[in-house]
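Notes follow the structure.
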Amino acid sequence: MTTKAEIVARLGESAVLLPDLIAAALVANDRAKLRLTLLQEAAAHAADPGRPAPDLSAERRAVGLDEAGFDATIAGARPAGPDRIEIPGAGRLIEGLNADIAAMIAPIAAAEDAAPFAERLKALDGGDLPSGDTVSGAALAAMTSARRGERDSQHLLIMDLHKAINLLADQTAVETVDGARAHRLADAQRQRLQAFMRGLNRTAPLAFGHPGLGTTAVGGPARLTIQNDIGATDAHVIVIHVEGLAADVTYTDVHRRRAKFFIGLFDHLGVTWTPLGERAAQGLSEDAFFLVAGRYEAKDLAGLDAFLERLGSRLVFLIDWNKARKALQGFVGKGPAVDLLSEAAALDLGHRAFLELGGVELVLDAVRRVAAARAPYGARLDEILGEREAYDFLGDVLRIASEGLAAGRSARLVRDEIQAGLAQRLQSAEGVVLTAALRHLGLSRMLAGEIRDALAGGRLAPADARAALAVRATRLEKKGDRLTIEAREATGRLAEANPNLRLVVDHAEQALDALDEVAFLFSLAPAEDDGLAAPLEALAEVAVESAAQMVRACEAASRTPSGARQDANEALQAIDAVCAAERAADDAERRMIAALMAAPPSDPRAPVVGLELAHTLERATDDLAHASLALRDYLLGELAL
């Protein structure tokens, strides 16, 4: 590699011109990439004329391609035969492309031997280039290809020249501004660069040693150009032109999703972006790059500096972004993976620490160590925990990894924290079942209480009130069905979920079904109670007590995994009370039968309904007792672990 001293020795009088040549070369780089984009978009439109043609007029004007004829380049493209495309202005675009490449060679030639680049340009210029405005898809694919190891291309030459220009700018910079290598800055331009570097330096540690984020800046008579190499990918760069109160951003990427992510980092900031179109024209290279340009117009210098600082602070979150996306989407899918990366960037956490600690293996190791016995083999994380829980867990992984490495904690400690978090979420998966059961039992307690209240004072409520109660009971029963489905789905996600949890849910459902049946039968009772109300009220009171104690037991059991022994004792005491209530219900049912048999009824329907009510209410307490015993077995099993 040529050293800075060797370059200075070679420069001689050319050193005076070098900053201007570098500035012109950076503009030529933007212009050359836009020429390739115009040709690619034109070919894509010719292959699919039904799709709207993107308007790149603002981007063209920003780089000096303001010929009116280029307005028709994309929209006017059409097929012209087998593998032939007629593109208005194609000849001028390709001719200008070679001129732009020559402008990029100029600063290198002024400082060192540029013959290898010049020879490559000559070979490409003498190759099978299109003539006029009719080109072949194969020729366009050859020009835009970024695949190394095959034939050379204009795209590859532009990328290599861009890298060489950045190196030259860095080696010949006349000053360093907060880590950026700078050429010939006016005071105002230095302040804008400092704003950009404040943001970049604030988040740069989140790269955790990954190369990239080198910044160079060149001042011109009216424009400041800031260049940053993001990571180590040739086609992944950003150039910012600052002039007056406006900042023009040119961003290139080989990954469309990452380009969309980059645009999304500046939502609600008032940046105007060019459309990011798909390219699927036949014959075009699959690894063609995407170019997007944005413009921000500030109201004052403070607003401009705030935008530049924000821009600089976001670049670290682009490094290895696609690698992180692929790692995360294997656990939760494509859309949620991008959302996770967006949230991590918004919180200034990022994803590089996650990758540094192993990425996919970091999560798989936690699953193997914590969940192997409780999750089906090969199951996705969102199948084990549920979509929301899996998403939140991966968010915690990104946070714990980033905060842990930033604080200097060991990799082993960070992994332990992640595994502990997964263990808690697996416990919470069983907690989902208990929570659903708790809500279900709350419905039973509510309905039992309303049945008792309709018998208050040993008198039947009016017929219309009992009919309304039956309707309400049906609604509560349907709500309970939804909770049952939720709980069963939660147990289904765990390979070795405690079977007693499922029994708690099943018996709780049966208890609510029985109470719903009681409300229906109650609506059929004759107006004359014939001794129904008083003994039925006593039985309903037992059902209320049973449901209330079951709620207390389930609530205490849901707190037990956290290690509170008093919660376990409280749950066991409540379970014992539920069993006692069941025995009391047996006695109350017998007293009611005896009361019904004591005297002839005035309405023959009364004993029929009365007996059914007594039997069904008692059955509800039986189901609650079965649920309590299943809960006891679950609880004792957990305490034994």
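Values in this text are rule-based calculations from the coordinates and carry no lab data. Since the model is a prediction, treat every value here as computed from it, not as a measurement. Neighbour counts are summed over all protein chains in view; Cβ atoms, including those assigned to glycine, are modelled from backbone coordinates with ideal geometry.
Things to note:
- Long-range HN-HN contacts of Ala80 with modeled amide H, under 5 Å: Ile85, Glu86
- Note, ³J(HN,Hα) from phi for the range 150-163, Karplus 6.51, -1.76, 1.60, rounded to Hz, x at Gly and Pro: 10, 7, 6, 8, 4, 4, 5, 5, 4, 5, 5, 5, 4, 5
- Measuring r between the beta carbons of Asp300 and Ser342 and using R0 = 25 Å, the FRET efficiency lands at 0.30.
- Zero-based 10 Å bins, Cα pair distances in the range 4-318, whole percents: 6, 27, 35, 23, 8, 1
- The range 429-640 - convex hull of the alpha-carbon atoms, volume per residue in Å³: 93 Å³
- Helix 334-346 axis, angle to the chain major axis (alpha carbon atoms, nearest 10°): 70 degrees
- Sum of -39500 (n - 2.57) over DSSP H runs of 4+, divided by residues of the chain (222 nm, nearest 500): -21500 deg cm²/dmol
- Helix axis angle, 533-559 relative to the chain longest principal axis, alpha carbon, degrees: 30 degrees
- Estimated FRET transfer efficiency when R0 is 51 angstrom, pair Ala456-Arg412 (beta carbons, to 0.05): 0.20
- For the range 321-409, the alpha-carbon radius of gyration amounts to 1.03 times the rule-of-thumb value 2.2 N^0.38 Å expected for a compact globular protein.
- The slack in the chain from Ala527 to Thr272, taken as 0.36 nm per residue of separation less the alpha-carbon distance, amounts to 84.3 nm.
- Residue pairs, from the table Lys33/Lys163; Lys260/Lys326; Lys260/Lys323; Lys163/Lys323, whose Cα atoms sit over 18 Å apart: Lys163/Lys323
- Kirkwood estimate for the chain, i.e. one over the average of 1/r between Cα atoms, Å: 30.3 Å
- DSSP-defined antiparallel bridges as percent of all bridges, the chain, nearest 5: 90 percent
- For the range 50-183, average projected area of the Cα convex hull in nm²: 10.8 nm²
- Relative contact order of the chain, pairs being alpha-carbon contacts under 8 Å that are 6 or more residues apart, as %: 10 percent
- Theoretical FRET efficiency, 1/(1+(r/R0)^6), r = Cβ-Cβ of Asp586 and His210, R0 56 Å, to 0.05: 0.20
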